[in-house]
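Notes follow the structure.
The values are calculated or read from the model by the stated rules, or taken from the named source; none is laboratory data. Everything quoted here is computed from the prediction, not taken from an experiment. Note that we place each Cβ from the backbone using ideal geometry, even for glycine, and neighbour counts take in every protein chain shown. Side chains are part of the model used for accessible areas, which takes the heavy atoms of the whole protein and leaves out ligands, DNA and RNA. Shrake-Rupley method; radii C 1.70, N 1.55, O 1.52, S 1.80 Å.
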Amino acid sequence: SQDWADEILDMLEEAYDQVGGQLAFYPTQRSQVLILQTEAFRKVHDLPEWAGGVYDGRIRLPVPARNTRPSTIKGSILHEYTHHVIYLMTAGNCPIWLNEGLAQIFENNYERVEQFTEMPTSDFNELAELDRQFRQKPDRKMAATLYRTSIAVTARILNEFSWSRVAAFLEYLGMGYSLDHACSEAFAVDFAELTRTGLQNEEKLEMISQ
């Protein structure tokens, strides 16, 4: 119905304001959003059952049933819209762990980042391993571990530095900078130090470096 569509558009406007306000980036082009019933969504996109949406240049969202209220997918809207903004800011050059970490923070509560910093990340010794695991189409259990680690790492980086520095980091990635160069410019540390901040696992990292 038109009322249903209007409510979705209102939530997209909220996402535009909230994500844009924190990352200092407001897309000037139109953002395309496609909504499908869940069964059709999974069939079309060949996604695992736990997937709550997909971003491939367009925001694509599943809706369980015709009588589902738009408010039930507000988190998914914020999550996928964040992916859209990050893609535009970085020209697709953002690490998956940071992309998913930021999307989850906006989905859950970007005003209380500190609540995510105590989540465990002991399963990983380096951030590159997160990206490798994400690309291997993880099952539900591994996916939960990857998303949990991503949000914790991202929250710790935000807590240590700031939203403005993370936004600058994304901008440098969009300019084609390497991770190390972008870290140096945005955070005044190298990527190894950023990894230590995010994983809080200095002993294992020191063992690896040796």
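Looking only at residues in segment 127-137 that are out of contact with any helix residue (DSSP H, G or I) (no Cβ under 6 Å at 6 or more places or on another chain) and not hydrophobic (A, V, I, L, M, F, W, C), which one is surrounded by the most Cβ atoms within 10 Å (Cβ to Cβ)?
If we take residues in segment 127-137 being out of contact with any helix residue (DSSP H, G or I) (no Cβ under 6 Å at 6 or more places or on another chain) and not hydrophobic (A, V, I, L, M, F, W, C), then Glu129 is surrounded by the most Cβ atoms within 10 Å (Cβ to Cβ).
Where residues in segment 32-41 are open to solvent by less than 70 Å² (accessible area, probe 1.4 Å) and either within 21 Å of Leu173 (Cβ to Cβ) or touching a strand residue (DSSP E or B) at 6+ places or on another chain (Cβ under 7 Å) (or both), which of them is modelled with the lowest pLDDT?
Of everything passing the filter in segment 32-41, Phe41 is modelled with the lowest pLDDT.
Can you tell me how many residues within segment 1-31 are in a helix (DSSP H, G or I), open to solvent by less than 70 Å² (accessible area, probe 1.4 Å) and either touching a Phe, Trp or Tyr at 6+ places or on another chain (Cβ under 7 Å) or more than 20 Å from Ile73 (Cβ to Cβ) (or both)?
8
Taking the conditions exactly as written (open to solvent by less than 20 Å² (accessible area, probe 1.4 Å), under 25 Å from Tyr172 (Cβ atoms) and either assigned to a loop (DSSP other than H, G, I, E, B) or basic (Lys, Arg) (or both)), does Phe124 satisfy them or not? Quick ask: steps written out before the conclusion?
Values: open to solvent by less than 20 Å² (accessible area, probe 1.4 Å): yes; under 25 Å from Tyr172 (Cβ atoms): yes; either assigned to a loop (DSSP other than H, G, I, E, B) or basic (Lys, Arg) (or both): yes.
Answer is yes for this residue.
Show the residue pairs meeting these rules: Cβ distance below 6 Å; 6+ apart or different chains; first residue within segment 178-199 and over 24 Å from Arg148 (Cα atoms); second residue hydroxyl-bearing (Ser, Thr, Tyr).
Pairs found: Ala182/Tyr172; Glu185/Tyr172; Ala186/Tyr172.
Confirm whether Ala91 is among the aliphatic types (A, V, I, L, M) and under 9 Å from the mean Cα position of the chain (by Cα).
No.
Within segment 145-178, which residues are aliphatic (A, V, I, L, M) and either outside any helix (DSSP H, G or I) or open to solvent by 60 Å² or more (accessible area, probe 1.4 Å) (or both)?
Correct list: Met175 only.
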